[in-house]
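The values are calculated or read from the model by the stated rules, or taken from the named source; none is laboratory data. Given the structure is predicted, the values throughout are model-derived calculations rather than measurements. Neighbour counts are summed over all protein chains in view; Cβ atoms, including those assigned to glycine, are modelled from backbone coordinates with ideal geometry.
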Amino acid sequence: MKKRRCHLCGKRLKKGGLKYHLKAELISDFDGYLSVPYDQKKDYAQEIKDTIAASKGKSDKELEEEVYQKFEFLFCPDCKTRLVSFLKSRKRE
């Protein structure tokens, strides 16, 4: 059986011991704001074609990772405490 270790400090996590499983998703965000005003003279169909052309040569995985990524980590109790402190210190109201 594979030995489980803390993803942060590398400490071995004992079978049946206290450990923490973190699941995280990183998802692109759109706030609804477009910085360029609508221009009736502009060829938006061509702009869409250019965007599609720019994605050529990229794998499905590369394209997906531009908008969505999923992560999973295991932490020992000490690193869980450090992580929570770090996240709380950066919390915005």
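Mind checking whether some residue in segment 59-66 is out of contact with any Leu (no Cβ under 9 Å at 6 or more places or on another chain) and farther than 30 Å from Leu83 by Cα?
Yes: one or more hits.
Could you count how many residues in segment 22-73 are exposed (fewer than 10 other Cβ atoms within 10 Å of the Cβ), among the aliphatic types (A, V, I, L, M) and touching a residue at least 24 places away in the same chain (Cβ under 8 Å)?
Residues that pass the stated criteria total 2.
Taking into account only those residues within segment 1-21 that are exposed (fewer than 10 other Cβ atoms within 10 Å of the Cβ) and in contact with a strand residue (DSSP E or B) (Cβ under 8 Å, 6 or more places away or on another chain), which is modelled with the lowest pLDDT?
Of everything passing the filter in segment 1-21, Lys3 is modelled with the lowest pLDDT.
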